[in-house]
1. Do you know which of the residues in the range 295-314 that are surrounded by fewer than 19 Cβ atoms within 10 Å (Cβ to Cβ) and among the charged types (D, E, K, R) is nearest to Ala261 (Cα to Cα)?
2. Taking the range 172-195, which residues are surrounded by fewer than 24 Cβ atoms within 10 Å (Cβ to Cβ) and among the aliphatic types (A, V, I, L, M)?
3. Looking only at residues that are open to solvent by 10 Å² or more (accessible area, probe 1.4 Å) and more than 12 Å from Arg74 (Cβ to Cβ) in the range 107-122, which one is modelled with the lowest pLDDT?
4. Does the range 245-265 contain any residue that is among the basic types (Lys, Arg), assigned to a loop (DSSP other than H, G, I, E, B) and touching a helix residue (DSSP H, G or I) at 6+ places or on another chain (Cβ under 6 Å)?
5. Of everything in the range 269-294, what is outside any strand (DSSP E or B), more than 24 Å from Gly113 (Cβ to Cβ) and open to solvent by 40 Å² or more (accessible area, probe 1.4 Å)? Give them in sequence order.
6. Tally time: how many residues in the range 241-268 are in contact with a Gly (Cβ under 6 Å, 6 or more places away or on another chain) and surrounded by fewer than 18 Cβ atoms within 10 Å (Cβ to Cβ)?
7. Report whether or not Leu218 is touching a Phe, Trp or Tyr at 6+ places or on another chain (Cβ under 6 Å) and open to solvent by 30 Å² or more (accessible area, probe 1.4 Å).
8. Taking the stated definitions as given, is Thr144 out of contact with any strand residue (DSSP E or B) (no Cβ under 7 Å at 6 or more places or on another chain), at pLDDT below 95 and open to solvent by 30 Å² or more (accessible area, probe 1.4 Å)?
Amino acid sequence: MKKKIKKAALWTVAALFVVGNVIAYNHAYRFTHFKENDSARTQRPEKLSLGEKLNTLLLGINIPKPKNEALPTRPFETLKIESQESLEAWRISITESKGILLMFHGYCSSKSGLLAYSEEFNQKGYSTVLVDFMGSGGSTGHTTTVGYKESRDVKEAYEYVKAGPLETPLILFGSSMGAVAIMKAIADYDMQPEKIIIECPFGSMLETTKSRFRAMNLPPSPLAEVLLFYGGLATGFNPFGHQPTEYAKQIEVPTLLLYGAKDKRVSREEIDEIYDNLSGEKELVVLENSEHEVYLNDDRERWNQEIDDFLNGK
């Protein structure tokens, strides 16, 4: 009888192990692969009910491929840039421009999410190029690596703009994942933009994954580690080595780092470590009213003032 109980217990443990790993892989796959349909995207963890959290925990998040929900209100040109996928970009040219901003969006977003920022730069007299990362908007593919492989998209877009009718200075702008991709691209490739503006980059892939589990009131470890392990298998990269705090050490160009004081996705400690590791001229601006969002929503006046000072060399 005892042998039967022991055998049943072992089979139960084995079954739970297999099921747990299948669930983990499913989570990782859904986190890094967008769906080619119009289904509803899973809301932010803190907005989910208990039942929705349990459903998400078992089945994973649902992320349709991000679409461009709006077009520029100014005349624009659609560009095609070849990278690991075919990237779509919009170029908005300003007559007698003061320079050009090459702009990159965040996770689960697209270049249309940059339009509000682009308009502010256009009003300041700068041309803009807004880029869809691989898998997003008008670009081909359906995979994301949250800034890791997207760094090559930054490189290819940078070289494309440099090879064309260049308006100087050339400045890179990125929010969240876009900021991380810029940092990795500068660390990995021989890129020397005149300046960069980066908003709310996470310190490491592990920490930003843990923050999502904390938002669901779930233990961040070992769930985050398991998710990253399978995410790496599903997408072919090492997420544990994806550390913008380390990329920062290779960045010597003048950098404006912006952060929202109410951000629940990225901690102030991560931002401070990134700032401390930046090797060149740098400035950290903390926007007191903002979360992990478009900073124009709650800190428009301060954002504009800090951007003006940085662009004008003050």
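The values are calculated or read from the model by the stated rules, or taken from the named source; none is laboratory data. In this text, all values refer to a predicted model and were calculated from it rather than measured experimentally. So basically every Cβ, Gly included, is an ideal-geometry build from the backbone, and we count neighbours across all protein chains shown. Areas reflect the complete protein model, heavy atoms only, side chains present, ligands, DNA and RNA absent. Shrake-Rupley method; radii C 1.70, N 1.55, O 1.52, S 1.80 Å.
1. Across the range 295-314, the extreme among qualifying residues is Asp298.
2. Ala187, Met191, listed by residue number.
3. Restricting to residues being open to solvent by 10 Å² or more (accessible area, probe 1.4 Å) and more than 12 Å from Arg74 (Cβ to Cβ), the top hit is Cys108.
4. Applying the first criterion (among the basic types (Lys, Arg)) to the range 245-265 yields 249, 262, 264-265.
The next check asks that each one be assigned to a loop (DSSP other than H, G, I, E, B); those that pass are 262, 264-265.
Checking which are touching a helix residue (DSSP H, G or I) at 6+ places or on another chain (Cβ under 6 Å) leaves us with 265.
Yes, the conditions are met somewhere in the range 245-265.
5. First, the residues of the range 269-294 that are outside any strand (DSSP E or B): 269-281, 288-294.
Keeping just the survivors that are more than 24 Å from Gly113 (Cβ to Cβ) gives 269, 272-273, 275-281.
Once the filter is applied, which keeps residues that are outside any strand (DSSP E or B), more than 24 Å from Gly113 (Cβ to Cβ) and open to solvent by 40 Å² or more (accessible area, probe 1.4 Å), the range 269-294 yields Glu269, Asp272, Glu273, Tyr275, Asp276, Ser279, Glu281.
6. 1
7. Details: touching a Phe, Trp or Tyr at 6+ places or on another chain (Cβ under 6 Å): no; open to solvent by 30 Å² or more (accessible area, probe 1.4 Å): yes.
For Leu218, the condition - touching a Phe, Trp or Tyr at 6+ places or on another chain (Cβ under 6 Å) and open to solvent by 30 Å² or more (accessible area, probe 1.4 Å) - is not met.
8. Values: out of contact with any strand residue (DSSP E or B) (no Cβ under 7 Å at 6 or more places or on another chain): yes; at pLDDT below 95: yes; open to solvent by 30 Å² or more (accessible area, probe 1.4 Å): no.
It is false that Thr144 is out of contact with any strand residue (DSSP E or B) (no Cβ under 7 Å at 6 or more places or on another chain), at pLDDT below 95 and open to solvent by 30 Å² or more (accessible area, probe 1.4 Å).
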